[in-house]
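Worksheet: one structure, shown below.
The values are calculated or read from the model by the stated rules, or taken from the named source; none is laboratory data. All of these numbers come straight from a predicted model, not from anything done at the bench. Every residue, glycine among them, receives a Cβ derived from its backbone with ideal geometry; neighbour counts consider all protein chains shown. Protein only, heavy atoms only, side chains kept; ligands, DNA and RNA dropped before computing areas. Shrake-Rupley method; radii C 1.70, N 1.55, O 1.52, S 1.80 Å.
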Protein chains: 4
Amino acid sequence: MKDEKTGRGFASDNNSGVHPEILSAIQKVNTGHEIAYGDDRYTQKVVLKMKKVFGDEAEIFFVFIGTAANVLGLSAVTQPYNAVITPDTSHIHVDECGAPEKFTGCKLLTVTAPDGKLTIDLIKEHMHGFGFEHHVQPRVISITQSTELGTVYTLDEIKTIADYAHEHDMYLHMDGARISNAVVALDTDFYSMTGGSGVDVLSFGGTKNGMMYGEAVVFFNNSLCGDFKYRRKQGMQLASKMRYIAAQFDAFLNNDLWRKNAIHANTMAGKLYQAVKDIDGVKVTRKPEANAVFAIVPEEIIPALQDEYFFYVWDEDTSEVRWMCSFDTTEEDIEQFASLLKKFTS
Amino acid sequence: MKDEKTGRGFASDNNSGVHPEILSAIQKVNTGHEIAYGDDRYTQKVVLKMKKVFGDEAEIFFVFIGTAANVLGLSAVTQPYNAVITPDTSHIHVDECGAPEKFTGCKLLTVTAPDGKLTIDLIKEHMHGFGFEHHVQPRVISITQSTELGTVYTLDEIKTIADYAHEHDMYLHMDGARISNAVVALDTDFYSMTGGSGVDVLSFGGTKNGMMYGEAVVFFNNSLCGDFKYRRKQGMQLASKMRYIAAQFDAFLNNDLWRKNAIHANTMAGKLYQAVKDIDGVKVTRKPEANAVFAIVPEEIIPALQDEYFFYVWDEDTSEVRWMCSFDTTEEDIEQFASLLKKFTS
Amino acid sequence: MKDEKTGRGFASDNNSGVHPEILSAIQKVNTGHEIAYGDDRYTQKVVLKMKKVFGDEAEIFFVFIGTAANVLGLSAVTQPYNAVITPDTSHIHVDECGAPEKFTGCKLLTVTAPDGKLTIDLIKEHMHGFGFEHHVQPRVISITQSTELGTVYTLDEIKTIADYAHEHDMYLHMDGARISNAVVALDTDFYSMTGGSGVDVLSFGGTKNGMMYGEAVVFFNNSLCGDFKYRRKQGMQLASKMRYIAAQFDAFLNNDLWRKNAIHANTMAGKLYQAVKDIDGVKVTRKPEANAVFAIVPEEIIPALQDEYFFYVWDEDTSEVRWMCSFDTTEEDIEQFASLLKKFTS
Amino acid sequence: MKDEKTGRGFASDNNSGVHPEILSAIQKVNTGHEIAYGDDRYTQKVVLKMKKVFGDEAEIFFVFIGTAANVLGLSAVTQPYNAVITPDTSHIHVDECGAPEKFTGCKLLTVTAPDGKLTIDLIKEHMHGFGFEHHVQPRVISITQSTELGTVYTLDEIKTIADYAHEHDMYLHMDGARISNAVVALDTDFYSMTGGSGVDVLSFGGTKNGMMYGEAVVFFNNSLCGDFKYRRKQGMQLASKMRYIAAQFDAFLNNDLWRKNAIHANTMAGKLYQAVKDIDGVKVTRKPEANAVFAIVPEEIIPALQDEYFFYVWDEDTSEVRWMCSFDTTEEDIEQFASLLKKFTS
């Protein structure tokens, strides 16, 4: 992952820039003074707008990034002796440099999850030792939607896990860094896939779908977050000029921008899949359900391919790579990349 | 502090918007794909530019906010059993909701500092117990420049503290949330007032002087930050689309924008001081050296005054208030506010 | 504090050995197998016995040392964004190497307390910023009884602070490392001075009064400690062979051993006070109320005096020293020490 | 694990009492005053004695319990963004209620280890992401000797792991809660199996082999522990009356008491194995190498068996149980227990 290049690519949906409508919204709120730290008119208006999306009982807090949304959301519903059950592919386990452990004190209990998705059977591996003080006490189940492997939980699957969590006096946390892609994939809406399916705490992401920065922590039960404002501040995530985050979410939700962007990204992934799946020497690992395509390609062609369109190797042992599509991926990108792939493998 | 209003005011320099040149710079980098997390072309270019400002040995890391810059900077040069000596008015002690303690584990050892400035004599109150395992071990002296009380350390004062720190195997940390205002006040330059005066770790702030978000942690000795990238990530401060922070710093440094903005803010504070200092019933607490004016005003007039121009009460017991000027404070603001003050106090 | 000697002395009440009745109790429980980690018969019996002392609602947890009792007790009633108000002479602030901050995440807010005792006026210095997310939220008032300066709160003083705490939705924590000495000084009983006076969480100490190791955290409201067993284990304070701690507390409470020991220590301090108070060149700083005598003595005689009877210098700047008496201090110790003091100062 | 009983049993080697020679040593040091916190004559003498065992370069620190020895030892060689690679059966992962994560901030990276023993191949599963700031950075490999499954690493196996660790700029930590049993099993000595085989940090345990309380953290390279005294104090593990821990270690090492106890425990485990291995319905899971026997027994007989000789179920899913022998297990215990087992299974 050291040999990184600039230019077009499939490295990640956060290598894209900012959608013009988002940028325009930022400019529009750049007028004079506003009280800092979220007590401005824009933030309050956008929070109300988001309550329309997530339900009146929902409480919404803006933070800077997805890692912070995850970690602070988890901190609100745990004590340091608790544990969080999560797949071993989850962002909170693999890609946050131990921030969950450092900030919450909790242990992450991982399972090997085919396709990055938890099931009750997998969760049960860690449902031991309740009341036994030598063991961490499982308190949260954390899922990612869409997952780090580009798969998507159905609403029923989410509900099943949520019910299981609640039966055991636990909470369901959803890392929604790519939530728009999942909503589009399921042809549902934000609420039905989150609070409506039993999710208790959500990291609501926008940066991977056209925003510049800013994520939201959404609590579906306001009894969970009476003190969250202190956790956010102590967690170094309270933006002074918060209106510029609010403005982005405003634009994100207006005119279904989030949906258009996600439909585009998912569609591009579908086209990429079609374009590469039958190439000799390329083995698509799983059918894409959102905006990611995973494939095993010959190890020796990877560097040359990355030179043209940068992407990341997912698993060095198996030579599996990940190609992410985003709101600004073009059909031309797909065609050129597929051509290159064909050329290099032939 | 609950009765917050929108509109023009002297509440804080972060109630201002974003300077147009900063916004314009953000727009300019919004072109296509860039590797995320700081490996983009813009970030690397701007870091080199900042090395020109702070010296070749300096290492620069972007984070989101000042609290994070302070806390992560301190974490790099401490172990949890260390202590940080700081005035009891410092932002790290008063306004960060315990983030330094939570994240570093360290104790803050505070002193009552007239005008918000440390002196060797004040520092000495806590220079005890070295080598004694029952006591936290002082390791960092932290000063704010310009201070939370609107005062400014001279270069000699900084050097004296830095020398004292180094003689005792300690580091000097500077919270530079309002560093531009101090540089302008002293008619010096960034390096002379920081690394050149012995500062080891600096929080370099821009948000209070016209930026949207983004601060930098600057280490003047690169042996201190070999592992800082991990601390930043674990500290939830690694921006994915970092080019938009880099672009802001680029514009901030270009054409001395930082200086123009700071000169303006300081000048406005000077004018405000002149306009209010002789009003009956108003007692300016200390002559402004940067962009803040502190004054004691009759308690009963504060609410009506806040209705027109919002500001914060600094000390409820003494009815001392703080008026901050910023890059977008206007002469009209000053005149109207002084008139109101005269009217209310007469 | 490096020039430490062995032999008789007034260094601290934990320089004494173990009272023979305590040791004998340890031997008596050394019979065969017992379930580890507190589920043994002895621990359960002694906990019931302590409930007789502290009230049926009280919950008692054994830990190893006083620092742990303090820190874990505080952790049970705080979140990391909270603060603990305490005198700047308190053990939790001065002598625990930052363990409270490291383990709880909380900030300690200190005040300069004459004679080591908090008052409402002193506490009020920090009763600001409630509901304001930039500030740590005061949640606990922590007092030491008897104090680190050898003074004792009256029951009324404790009740006044407790009422004040509870009116502000805060808790009262008592560090009772020398609780026996205070009970004896006030001629009261354990419950009246703790739960009966409004204390919520108590560190109940025995090591400084004849035990080998082991302290207890006592909660007077069992709603505060439903999860304390996890905090104790995660706090590395769950003893496997807990019966040996239980046995010590058993002996401590039997036949008023704690009282006899404390009466002796206090009496010896009184005699020491009488023996030294009129010596020329010696200025007793405050009349002893428990088992400590503080005095200013000529700096130059300290080393020679320490050679004979070791003790600690309390304040190097003023040449104030501390002489602690314990259950095994003898009248001969007092006489010889006073003679030496007279000789050295004459 | 709720249905715990008192009386003879095979629950754990810490259900035993204290060996008479240990208790006698405690009594012998109970004479008058000693400087607290380890500056007493006994502690210093015993530390020197242990240096004879572990090498002149070794540094030895007493703490109260094994969990603390592990956690503080790990804290000395890690930063919070590091990771510790360990089997998923390890005490630090399973039985310390998340203390390692809470105190060090580090993530534990676990592998499924047959027989509780790491191998290079297993370790390699986690040797990824070095230098990549999104990932925790592996810094320590932690093994338990003898393991939680009653198995023992050979000296060659330890050396191989140590070499691998050092080649990758990592440290080898050994949890030696049952170190005596392993030394006896391998017919070696303490040093050869630890520092002599490349171990960097050792938790040296005595409580499971006849001591009352007290463990030691041993560093084989004194550059690793220059600041450990602060970590121990802040970790709430600095005993005031430390002579009573020192005295125990003294007796433990005198006249090979540790060896006699461990030989006895291991021998009893061997006899237990012989006595039960051919009983119909009992399947010994693995040949005992130290003082533990693991076996699968019919689920329905467990409660009645526990009523007579208490022990723990290791794996509820498979009905695998653990029988620990200790220094005070008798041949009569073995015979009676085997008889019962035969009776219940027939």
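Of the residues in the range D:104-113, at least one is farther than 21 Å from C:GLY98 by Cα, at pLDDT 95 or above, assigned to a strand (DSSP E or B) and among the polar types (S, T, N, Q). Consider C:ILE179 carefully, then state whether it is modelled with pLDDT of 95 or more, of a type in the set (A, V, I, L, M) and not assigned by TED's automatic domain parsing to the domain that holds C:ILE35. Answer is no for this residue.
So which residues in the range C:285-296 are free of Cβ contacts under 8 Å to residues at least 40 places away in the same chain and within 18 Å of C:ASP333 (Cα to Cα), if there are any at all? Matches in the range C:285-296: C:ALA295 only.
Of the numbered criteria (1) out of contact with any Asp or Glu (no Cβ under 6 Å at 6 or more places or on another chain); (2) open to solvent by 10 Å² or more (accessible area, probe 1.4 Å); (3) more than 14 Å from chain C (Cβ to nearest Cβ), the one A:SER90 fails is (2). Scanning the range A:160-211 for residues being polar (S, T, N, Q) and either surrounded by fewer than 20 Cβ atoms within 10 Å (Cβ to Cβ) or part of a loop (DSSP other than H, G, I, E, B) (or both) gives a total of 4.
Scanning the range D:214-236 for residues that are farther than 16 Å from D:VAL47 by Cβ and open to solvent by less than 10 Å² (accessible area, probe 1.4 Å), which turns out farthest from the other protein chains (Cβ to nearest Cβ)? Restricting to residues being farther than 16 Å from D:VAL47 by Cβ and open to solvent by less than 10 Å² (accessible area, probe 1.4 Å), the top hit is D:GLY235. Criterion applied to C:PHE54, C:PHE10 was being more than 14 Å from chain D (Cβ to nearest Cβ) and within 19 Å of the chain's Cα centre (by Cα), and the one residue passing it is C:PHE54. When C:TYR37 is tested against (1) within 14 Å of chain A (Cβ to nearest Cβ); (2) open to solvent by less than 10 Å² (accessible area, probe 1.4 Å); (3) within 18 Å of D:ALA68 (Cα to Cα), only condition (2) is not met.
Selection of the range A:104-115 for residues being over 20 Å from D:VAL111 (Cβ atoms) and surrounded by fewer than 23 Cβ atoms within 10 Å (Cβ to Cβ) yields only A:ASP115.
Do we have B:ASN261 as at pLDDT below 95 and either crowded, with 24+ Cβ neighbours inside 10 Å or under 30 Å from B:GLN79 (Cα atoms) (or both) here? It is false that B:ASN261 is at pLDDT below 95 and either crowded, with 24+ Cβ neighbours inside 10 Å or under 30 Å from B:GLN79 (Cα atoms) (or both).
Within the range C:239-250, the residues that satisfy the criterion of being under 22 Å from the mean Cα position of the chain (by Cα), open to solvent by less than 10 Å² (accessible area, probe 1.4 Å) and more than 7 Å from every other protein chain (Cβ to nearest Cβ) are C:MET242, C:ILE245, C:ALA246, C:ALA247, C:GLN248, C:PHE249. C:ALA11 passes every criterion in (1) touching a His at 6+ places or on another chain (Cβ under 8 Å); (2) in a helix (DSSP H, G or I) apart from (2).
Applying the set (1) in contact with a helix residue (DSSP H, G or I) (Cβ under 6 Å, 6 or more places away or on another chain); (2) open to solvent by 10 Å² or more (accessible area, probe 1.4 Å); (3) among the acidic types (Asp, Glu); (4) within 14 Å of chain C (Cβ to nearest Cβ) to A:GLU101 leaves exactly one unmet item: (2). Could you tell me whether any residue of the range D:117-136 is facing another protein chain (nearest Cβ under 9 Å), of a type in the set (A, V, I, L, M), buried (at least 23 other Cβ atoms within 10 Å of the Cβ) and part of a strand (DSSP E or B)? No - not one qualifying residue is present in the range D:117-136.
Among residues of the range D:212-252 being part of a helix (DSSP H, G or I) and basic (Lys, Arg), the one that is nearest to D:LYS49 (Cα to Cα) is D:ARG243. Candidates are the residues of the range C:140-169 that are under 21 Å from the mean Cα position of the chain (by Cα) and within 14 Å of another protein chain (Cβ to nearest Cβ); the one that is nearest to C:THR110 (Cα to Cα) is C:VAL140. Beta carbons closer than 8 Å, at least 6 apart along the sequence or on distinct chains, pair a first residue in the range B:297-308 that is within 19 Å of B:LYS277 (Cβ to Cβ) with a second that is part of a loop (DSSP other than H, G, I, E, B) for B:VAL297/B:GLY281; B:VAL297/B:VAL282; B:VAL297/B:SER319; B:PRO298/B:GLY281; B:PRO298/B:SER319; B:ILE302/B:SER319; B:LEU305/B:VAL297; B:LEU305/B:PHE311. For C:VAL140, are the conditions met, namely being farther than 23 Å from C:ALA295 by Cα, among the aliphatic types (A, V, I, L, M) and buried (at least 22 other Cβ atoms within 10 Å of the Cβ)? Yes; evaluated as a whole, the condition is true for this residue. May I ask you to list the residues in the range D:40-69 that are open to solvent by less than 50 Å² (accessible area, probe 1.4 Å) and without any contact (Cβ under 8 Å) to a residue 40 or more places away in the chain? Those that are open to solvent by less than 50 Å² (accessible area, probe 1.4 Å) and without any contact (Cβ under 8 Å) to a residue 40 or more places away in the chain: D:LYS51, D:THR67.
Looking only at the range C:311-329, which residues are open to solvent by 10 Å² or more (accessible area, probe 1.4 Å) and in contact (Cβ under 8 Å) with a residue 24 or more places away in the chain? Result: C:TYR312, C:VAL313, C:GLU320, C:ARG322, C:PHE327, C:ASP328. Consider the range C:13-29 and keep the residues that are polar (S, T, N, Q) and in contact (Cβ under 8 Å) with a residue 24 or more places away in the chain. The one that is farthest from the other protein chains (Cβ to nearest Cβ) is C:SER24.
Annotation: of all residues in the range A:77-87 being surrounded by fewer than 24 Cβ atoms within 10 Å (Cβ to Cβ) and touching a Phe, Trp or Tyr at 6+ places or on another chain (Cβ under 8 Å), the one that is farthest from A:GLU133 (Cα to Cα) is A:VAL77.
One line per residue, one yes/no per condition, for (1) over 19 Å from the mean Cα position of the chain (by Cα); (2) aliphatic (A, V, I, L, M):
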| position | (1), (2) |
| --- | --- |
| C:THR285 | yes, no |
| C:PRO288 | no, no |
| C:ILE296 | yes, yes |
| C:GLU300 | yes, no |
| C:TRP314 | no, no |
| C:THR318 | yes, no |
| C:GLN336 | yes, no |
| C:LEU341 | yes, yes |
| C:THR345 | yes, no |
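Only a single criterion out of (1) outside any loop (DSSP other than H, G, I, E, B); (2) hydroxyl-bearing (Ser, Thr, Tyr); (3) within 13 Å of chain A (Cβ to nearest Cβ) is not satisfied by C:THR78, namely (1).
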